[in-house]
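Note sheet for the following structure.
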Amino acid sequence: MPHRNAPLTETGRLRLARCVVVDGWPLRRAAERFRVSPTTAQRWADRYRDHGEAGLADRSSRPHHSPRRTPTRTERRIIKVRVLRRWGPARIAHLLGLVPSTVHRVLTRYRLARLSHLDRATGRVIRRYERDKPGELIHVDIKKLGNIPDGGGHKTLGRQAGRRKRPRLGYSYIHTAVDDHSRLAYSEILADEKKETATAIWTRAHAYFTGVGITVERVLTDNGSCYKSHAWRDTLTAAGITHKRTRPYRPQTNGKVERLNRTLLEEWAYARPYRSEQERRNAFPDWLHTYNHHRGHTALAGKPPASRVPNLTRQYT
């Protein structure tokens, strides 16, 4: 297949070559006729004389010899370190006395998966999935977050002043439920992670999903004590919802809500220096609305979760 900027296809090359070789056109005239340089016209005419039509086919631009290519023995060492230790290019380069760009080029040449696509414990490529419709699976999790003192913490006052001023203010607990298919999220900031609190927030989340036309079938959580309680089990059972738990020490199984936790830390919790905990909490509802209705999601082809929930605005109720 010719390069997208190539002025001639194989058919065009054949016509040019025949004009020069068979019909006796001068190189400059043939070059003007086919809008190429005389050097290009000479190359295709010579190939046609030497090899016929077969000589006009595309050839690889790869050089016959690459004297500065990384030795095979070094490439094998790079791959061995990557497979055994699961390190990135910078660490491998430091260990082997190379530059990171060389290591990255070797890893790319052998099509080794990115570290972000691997399970660090086993080295296997993470199998990603997505449910076919909203409600088939809801991911639920709790994120613990330190409270901000009045006047601001170290991000506002500087590290030393922030530490001197900082009393023991405790923590906030962000309870979040995310739909697997649409990535629609329901979240609240609460004072603890007790079973009564977790059960109450799920009741409100379930009502929210039901209100926008999503029928919840399964809920996936980690192995936190609140999710192993009888209160949690009975609440789901009464609603006809199946409860699934992740394997111990495998948070990636609940990866969609874990990724949302990281997003809310980057784009809300630590996005700017807040002057108080209440100021940060006041900004949360607007951020969550933006996430659900306006923020593009890479897994949804740049569209927000609202694009996959037709009744999110409840205009059909």
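The values are calculated or read from the model by the stated rules, or taken from the named source; none is laboratory data. Small disclaimer: the values here were computed from a predicted structure and weren't measured. All Cβ positions, glycine included, derive from the backbone under ideal geometry; neighbour counts span all protein chains shown.
Filtered by the rule that a residue be farther than 18 Å from T176 by Cα and among the charged types (D, E, K, R), region 234-249 gives D234, R247.
From the list E136, E130, which residue is acidic (D, E) and at pLDDT 90 or above?
Unique residue meeting the criteria: E136.
The residue that is nearest to L190 (Cα to Cα), among those in region 139-153 that are crowded, with 23+ Cβ neighbours inside 10 Å and modelled with pLDDT under 90, is I148. A residue that is assigned by TED's automatic domain parsing to the domain that holds L14 and polar (S, T, N, Q) occurs somewhere in region 42-51. Here R308 passes the criteria (1) at pLDDT 95 or above; (2) closer than 19 Å to G135 by Cβ except the one numbered (1). Here A269 fulfils each of the conditions (1) in contact with a Leu (Cβ under 9 Å, 6 or more places away or on another chain); (2) loosely packed, with under 13 Cβ neighbours inside 10 Å apart from (2). You will find that of R43, R68, R47, R109, the residue that is basic (K, R) and in contact with a helix residue (DSSP H, G or I) (Cβ under 6 Å, 6 or more places away or on another chain) is R47 and no other.
With the condition kept exactly as written, say whether any residue in region 194-209 is in the same structural domain as L145 (by TED's automatic domain parsing), in a loop (DSSP other than H, G, I, E, B) and surrounded by 14 or more Cβ atoms within 10 Å (Cβ to Cβ). So far as region 194-209 goes, yes, one or more of its residues are in the same structural domain as L145 (by TED's automatic domain parsing), in a loop (DSSP other than H, G, I, E, B) and surrounded by 14 or more Cβ atoms within 10 Å (Cβ to Cβ). Counting the residues of region 35-75 that are at positive phi and not in a helix (DSSP H, G or I) gives 1. Every condition in (1) assigned to a helix (DSSP H, G or I); (2) under 47 Å from the mean Cα position of the chain (by Cα) holds for E32 except the one numbered (2).
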